[in-house]
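The values are calculated or read from the model by the stated rules, or taken from the named source; none is laboratory data. Model, not experiment: these values are computed from the prediction. Cβ atoms come from the backbone with ideal geometry, glycine included; neighbour counts cover every protein chain shown.
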Amino acid sequence: MNSQIESLRLIELHLRMHLTKICTFPVFDAQQVREDIEAHTRFVEIFLDRAPYLRDGEVILMESISALARSLLLVCNERLYVHNKISQLLQDSSAKQLIARGNFGDVNSSNAKFSDAQTRILDDWYDANYEHPYLNACSTEYLHQQTRLSHTQVKNWVSNKRRKEKNSKISKELESFLK
(Lines give C-alpha, C1' and ligand atoms only; values in the text may rest on other atoms or scores of the structure.)
Protein backbone atom coordinates (compact mmCIF):
# COMPACT_ATOMS: atom_id res chain seq x y z
CA MET A 1 0.00 0.00 0.00
CA ASN A 2 2.90 2.34 0.76
CA SER A 3 4.23 2.09 -2.80
CA GLN A 4 0.79 3.10 -4.10
CA ILE A 5 0.85 6.20 -1.89
CA GLU A 6 4.29 7.05 -3.26
CA SER A 7 2.89 6.60 -6.78
CA LEU A 8 0.06 8.99 -5.95
CA ARG A 9 2.58 11.54 -4.65
CA LEU A 10 4.55 11.20 -7.88
CA ILE A 11 1.36 11.73 -9.89
CA GLU A 12 0.64 14.86 -7.88
CA LEU A 13 4.19 16.13 -8.49
CA HIS A 14 3.94 15.35 -12.21
CA LEU A 15 0.64 17.22 -12.51
CA ARG A 16 2.12 20.22 -10.67
CA MET A 17 5.05 20.23 -13.10
CA HIS A 18 2.65 20.17 -16.06
CA LEU A 19 0.70 23.08 -14.59
CA THR A 20 3.91 25.07 -14.15
CA LYS A 21 4.97 24.30 -17.71
CA ILE A 22 1.62 25.32 -19.19
CA CYS A 23 1.57 28.57 -17.24
CA THR A 24 5.23 29.39 -17.97
CA PHE A 25 6.13 28.33 -21.48
CA PRO A 26 4.54 29.96 -24.53
CA VAL A 27 4.48 26.68 -26.47
CA PHE A 28 3.59 23.26 -25.09
CA ASP A 29 2.25 19.95 -26.38
CA ALA A 30 -1.41 19.97 -25.33
CA GLN A 31 -2.02 16.47 -26.63
CA GLN A 32 0.80 15.09 -24.46
CA VAL A 33 -0.57 16.89 -21.40
CA ARG A 34 -4.05 15.45 -22.00
CA GLU A 35 -2.65 11.94 -22.48
CA ASP A 36 -0.70 12.23 -19.22
CA ILE A 37 -3.80 13.41 -17.35
CA GLU A 38 -5.80 10.48 -18.74
CA ALA A 39 -3.07 8.00 -17.76
CA HIS A 40 -2.91 9.44 -14.25
CA THR A 41 -6.69 9.37 -13.98
CA ARG A 42 -6.74 5.67 -14.95
CA PHE A 43 -4.12 4.90 -12.28
CA VAL A 44 -6.15 6.75 -9.64
CA GLU A 45 -9.30 4.82 -10.65
CA ILE A 46 -7.42 1.52 -10.31
CA PHE A 47 -6.11 2.65 -6.92
CA LEU A 48 -9.66 3.47 -5.76
CA ASP A 49 -10.95 0.09 -6.96
CA ARG A 50 -8.26 -1.74 -4.97
CA ALA A 51 -8.49 0.44 -1.88
CA PRO A 52 -12.09 1.64 -1.44
CA TYR A 53 -11.43 2.77 2.14
CA LEU A 54 -8.97 5.65 2.25
CA ARG A 55 -7.17 7.13 5.21
CA ASP A 56 -7.24 10.89 5.81
CA GLY A 57 -3.85 11.51 4.19
CA GLU A 58 -4.89 9.52 1.14
CA VAL A 59 -8.16 11.45 0.82
CA ILE A 60 -6.30 14.76 0.90
CA LEU A 61 -3.85 13.49 -1.72
CA MET A 62 -6.68 12.27 -3.96
CA GLU A 63 -8.47 15.63 -3.64
CA SER A 64 -5.27 17.44 -4.58
CA ILE A 65 -4.73 15.22 -7.63
CA SER A 66 -8.34 15.72 -8.70
CA ALA A 67 -8.10 19.51 -8.35
CA LEU A 68 -4.78 19.58 -10.25
CA ALA A 69 -6.19 17.47 -13.09
CA ARG A 70 -9.25 19.72 -13.42
CA SER A 71 -7.07 22.85 -13.33
CA LEU A 72 -4.70 21.44 -15.93
CA LEU A 73 -7.53 20.61 -18.30
CA LEU A 74 -9.05 24.07 -17.88
CA VAL A 75 -5.75 25.92 -18.42
CA CYS A 76 -4.79 23.64 -21.31
CA ASN A 77 -8.14 24.18 -23.04
CA GLU A 78 -7.97 27.94 -22.46
CA ARG A 79 -4.45 28.18 -23.89
CA LEU A 80 -5.52 26.14 -26.95
CA TYR A 81 -8.55 28.38 -27.42
CA VAL A 82 -6.39 31.54 -27.31
CA HIS A 83 -3.81 29.99 -29.65
CA ASN A 84 -6.54 29.08 -32.15
CA LYS A 85 -8.06 32.58 -31.97
CA ILE A 86 -4.65 34.16 -32.64
CA SER A 87 -4.12 31.82 -35.58
CA GLN A 88 -7.53 32.78 -36.96
CA LEU A 89 -6.72 36.46 -36.60
CA LEU A 90 -3.45 36.00 -38.43
CA GLN A 91 -5.31 34.31 -41.25
CA ASP A 92 -7.85 37.13 -41.36
CA SER A 93 -7.91 39.28 -44.49
CA SER A 94 -6.45 42.30 -42.70
CA ALA A 95 -3.42 40.27 -41.64
CA LYS A 96 -3.03 39.07 -45.20
CA GLN A 97 -3.15 42.69 -46.38
CA LEU A 98 -0.34 43.60 -43.97
CA ILE A 99 1.76 40.81 -45.38
CA ALA A 100 0.88 41.75 -48.96
CA ARG A 101 1.91 45.37 -48.31
CA GLY A 102 5.25 44.16 -47.04
CA ASN A 103 4.77 45.08 -43.39
CA PHE A 104 6.46 41.84 -42.38
CA GLY A 105 9.62 42.70 -44.24
CA ASP A 106 11.18 41.33 -47.38
CA VAL A 107 12.36 37.86 -46.47
CA ASN A 108 14.47 37.56 -49.63
CA SER A 109 16.55 40.66 -48.99
CA SER A 110 19.57 40.03 -46.79
CA ASN A 111 19.66 43.64 -45.52
CA ALA A 112 15.92 44.04 -44.84
CA LYS A 113 15.00 44.95 -41.26
CA PHE A 114 12.23 43.06 -39.56
CA SER A 115 8.93 44.85 -39.18
CA ASP A 116 7.79 46.28 -35.86
CA ALA A 117 5.19 43.50 -35.61
CA GLN A 118 7.80 40.80 -36.12
CA THR A 119 10.21 42.36 -33.65
CA ARG A 120 7.42 42.76 -31.08
CA ILE A 121 6.53 39.04 -31.36
CA LEU A 122 10.17 38.03 -31.03
CA ASP A 123 10.77 40.45 -28.13
CA ASP A 124 7.65 39.17 -26.33
CA TRP A 125 8.90 35.60 -26.65
CA TYR A 126 12.35 36.59 -25.43
CA ASP A 127 10.92 38.49 -22.44
CA ALA A 128 8.68 35.53 -21.53
CA ASN A 129 11.70 33.20 -21.70
CA TYR A 130 14.29 35.57 -20.23
CA GLU A 131 15.49 33.06 -17.62
CA HIS A 132 16.25 30.48 -20.35
CA PRO A 133 16.19 32.22 -23.77
CA TYR A 134 17.02 29.18 -25.86
CA LEU A 135 14.80 27.89 -28.64
CA ASN A 136 13.47 24.38 -28.86
CA ALA A 137 11.73 22.91 -31.92
CA CYS A 138 8.26 23.97 -30.73
CA SER A 139 9.30 27.54 -29.97
CA THR A 140 11.11 27.87 -33.30
CA GLU A 141 8.07 26.62 -35.19
CA TYR A 142 5.74 28.88 -33.19
CA LEU A 143 7.86 31.99 -33.89
CA HIS A 144 8.24 30.97 -37.55
CA GLN A 145 4.46 30.78 -37.93
CA GLN A 146 3.79 33.98 -36.01
CA THR A 147 6.40 36.14 -37.77
CA ARG A 148 6.58 34.47 -41.18
CA LEU A 149 10.37 34.49 -40.85
CA SER A 150 12.43 31.47 -41.81
CA HIS A 151 13.60 29.12 -39.08
CA THR A 152 17.16 30.34 -39.63
CA GLN A 153 16.11 33.99 -39.25
CA VAL A 154 14.29 33.19 -36.00
CA LYS A 155 17.30 31.30 -34.62
CA ASN A 156 19.69 34.07 -35.64
CA TRP A 157 17.51 36.78 -34.11
CA VAL A 158 17.31 34.96 -30.76
CA SER A 159 21.05 34.26 -30.82
CA ASN A 160 21.84 37.90 -31.60
CA LYS A 161 19.46 39.07 -28.87
CA ARG A 162 21.18 36.82 -26.30
CA ARG A 163 24.57 38.16 -27.36
CA LYS A 164 23.39 41.79 -27.13
CA GLU A 165 21.90 41.15 -23.67
CA LYS A 166 25.13 39.56 -22.50
CA ASN A 167 27.27 42.39 -23.90
CA SER A 168 25.06 45.06 -22.37
CA LYS A 169 25.36 43.42 -18.95
CA ILE A 170 29.14 43.32 -19.17
CA SER A 171 29.23 46.95 -20.28
CA LYS A 172 27.16 48.05 -17.28
CA GLU A 173 29.39 46.12 -14.91
CA LEU A 174 32.54 47.67 -16.38
CA GLU A 175 31.05 51.14 -16.48
CA SER A 176 31.93 51.79 -12.84
CA PHE A 177 35.60 51.00 -13.58
CA LEU A 178 35.67 53.35 -16.56
CA LYS A 179 34.59 56.42 -14.57
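Overview of results
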item: Conditions (1) within 20 Å of the chain's Cα centre (by Cα); (2) at pLDDT 90 or above; (3) more than 23 Å from Leu80 (Cα to Cα); number of the one not met by Thr152; result: (1)
item: Total residues in the range 28-69, condition closer than 14 Å to Leu10 by Cα, charged (D, E, K, R) and in contact (Cβ under 8 Å) with a residue 40 or more places away in the chain; result: 1
item: Enumerated helices (runs of 4 or more DSSP H) restricted to the range 1-113, each holding at least 3 residues that are at pLDDT 75 or above and farther than 23 Å from Arg148 by Cβ; result: 2-24, 30-50, 56-91
item: Qualifying residue in the range 127-140 (condition: surrounded by 10 or more Cβ atoms within 10 Å (Cβ to Cβ), aliphatic (A, V, I, L, M), at pLDDT 85 or above and assigned to a loop (DSSP other than H, G, I, E, B)); result: yes
